[in-house]
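The next block holds one structure in the form of C-alpha cells; read it before the comments.
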Amino acid sequence: MNRKTRPQIIESAQKVLQTMKFIAPHFANGVTQNDIVKALGFDASAVHRCVNTLREEGFIENIPETGRI
C-alpha cells in the first residue's frame, strides 16, 4: 500500500500493540526491555513508555523472581 491508500494509524498505539504482541508468546519466561528493543527496533525510551503503559493498564506485569516482563 502506498501512503495515499494506507489507512490512518496512530503510531504510538501501533508501537504499544506491537510490543504487546512480542511479549505475549514469552509469558512463561518473560522478556527484558532490551529484548524488545532488539526484536522490534524501537528506541529504548519508546519501549520503556510502551511497557509502562501496558503495565499501568494491567496488560502485563513483572515476574517477581526475575524482574522480567
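Within segment 17-68, how many residues turn out to be at pLDDT below 95, open to solvent by 60 Å² or more (accessible area, probe 1.4 Å) and at positive phi?
0
Just the residues that are in a helix (DSSP H, G or I) and in contact with a Lys or Arg (Cβ under 6 Å, 6 or more places away or on another chain), please, taken from segment 16-45. Show your work before the answer.
Just the residues of segment 16-45 that are in a helix (DSSP H, G or I), to begin with: 16-26, 33-40, 44-45.
Selection gives nothing.
The values are calculated or read from the model by the stated rules, or taken from the named source; none is laboratory data. Given the structure is predicted, the values throughout are model-derived calculations rather than measurements. A quick note on method: Cβ atoms are made from the backbone with ideal geometry, for glycine too, and the neighbour counts reach across all protein chains shown. For the accessible areas, the whole protein counts, side chains as well, though only heavy atoms, and no ligand, DNA or RNA atoms are used. Shrake-Rupley method; radii C 1.70, N 1.55, O 1.52, S 1.80 Å.
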